[in-house]
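The values are calculated or read from the model by the stated rules, or taken from the named source; none is laboratory data. None of the values given here were measured: they were computed from a predicted structure. In this analysis, Cβ positions are derived from the backbone assuming ideal geometry, glycine residues included, and neighbour counts consider all displayed protein chains. The accessibility values were calculated without ligands, DNA or RNA, using every heavy atom of the protein model including side chains. Shrake-Rupley method; radii C 1.70, N 1.55, O 1.52, S 1.80 Å.
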Amino acid sequence: LRIGKEILKQQSELYRRLRNTLRWLLGGLAGFSPSEAVPYAELPELERWVLHRLTEIGAEIARAVETHEWVGVFPTLHAFCATDLSAFYFDVRKDSLYCDAPNDPRRRAVRTVLDILHRTLTPWLAPVLVFTAEDAWTARFGEESSVHLESFPQLPAEWADPELGERWSALRALRRVITTEIEGARRDGRVG
C-alpha cells in the first residue's frame, strides 16, 4: 500500500467529515424520545428523499456483504455524509432543528430522520471506524450497549422511491447552478 504525508492528510480529512456527521447527529438528537417520531407517511418530501438515499446505500452494502466485495462502499458512505447530509440536508434543515418549537411537525420530522440516520450509519461505519462508531453509539445508548453487537439495519422497502430520487437529483443540480452563480456574484461584490 502506498502511504505518505498527503495520503495521511486526505485520510484524516475523510475521517474528520464522518466524525463531524456523527457529532451533528448526536447534537440534533439530544433529548430525543421515540414518542416524538413521525410516521413515514407524514414525513415531508425532503425527509423521505434522505430515507430513499439510505435504501440505495443499504442495497450497495447488502451486495458487499453478499459478495465480500467492499471496494467503493466506504467512498459511498463518505460521499453520502459529506455531500447529501452535511452540505445539503443538514444545511437546509438546521434552522428547523434549532429554531422551530419542539412540537413543530417539521422539527419532529427532522429529528425522526436524524434518529434513523444515527441508527443506520453508526453500524455501517463500525467495521471501518471501530472506536468512533462505538463512541457515537454509547454516547446515545449507554455503555451497556455496543454498536458491534448490532446487525446492519433492515430498511423498509417503502422507503425506496426512485422517482423521488430523480426529482431531488434534478433539484440539487439546479441548486448547484444557482449557488455557483451566487458565489460568483458575492466574489464580484454584486451581492453581500
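Okay, here's what the table says:
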quantity: Residues located in the range 149-166, provided they are open to solvent by less than 50 Å² (accessible area, probe 1.4 Å) and in a helix (DSSP H, G or I); calculated: TRP159, LEU164, GLY165
quantity: Matching residues, the range 52-65, being among the hydrophobic types (A, V, I, L, M, F, W, C) and open to solvent by 20 Å² or more (accessible area, probe 1.4 Å); calculated: ALA59, ALA62, VAL65
quantity: Test result for ALA41, surrounded by fewer than 12 Cβ atoms within 10 Å (Cβ to Cβ), at pLDDT 95 or above and closer than 18 Å to LYS94 by Cβ; calculated: no
quantity: Considering residues of the range 39-61 that are aliphatic (A, V, I, L, M) and out of contact with any Asp or Glu (no Cβ under 8 Å at 6 or more places or on another chain) only, the residue farthest from TRP124 (Cα to Cα); calculated: ALA41
quantity: Residue within the range 60-83 that is touching a Phe, Trp or Tyr at 6+ places or on another chain (Cβ under 9 Å) and among the charged types (D, E, K, R) present; calculated: no
quantity: Members of the range 98-124 found to be hydroxyl-bearing (Ser, Thr, Tyr) and open to solvent by 40 Å² or more (accessible area, probe 1.4 Å), listed by number; calculated: TYR98
quantity: Hits in the range 125-148 - residues which are in a helix (DSSP H, G or I) and open to solvent by less than 30 Å² (accessible area, probe 1.4 Å); calculated: LEU125, THR132, ALA133, ALA136, TRP137, THR138, VAL147
quantity: Close pairs (6 angstrom Cβ cut-off, 6 or more residues apart or separate chains): on the phi < 0 side of the Ramachandran plot in the range 154-169, at pLDDT 95 or above and of a type in the set (S, T, N, Q) anywhere; calculated: LEU155/THR55; TRP159/THR55; ALA160/THR55
quantity: Residue identified as out of contact with any strand residue (DSSP E or B) (no Cβ under 6 Å at 6 or more places or on another chain) and open to solvent by 50 Å² or more (accessible area, probe 1.4 Å) among TRP24, TRP49; calculated: TRP24
quantity: Test: THR179 is surrounded by fewer than 18 Cβ atoms within 10 Å (Cβ to Cβ) and hydroxyl-bearing (Ser, Thr, Tyr); calculated: yes
quantity: Helices (runs of 4 or more DSSP H) within the range 1-120 that include 3 or more residues more than 17 Å from the chain's Cα centre (by Cα) and within 23 Å of ALA136 (Cα to Cα); calculated: 5-28
quantity: Number of positions in the range 124-140 that are farther than 16 Å from LEU29 by Cβ and more than 12 Å from the chain's Cα centre (by Cα); calculated: 8
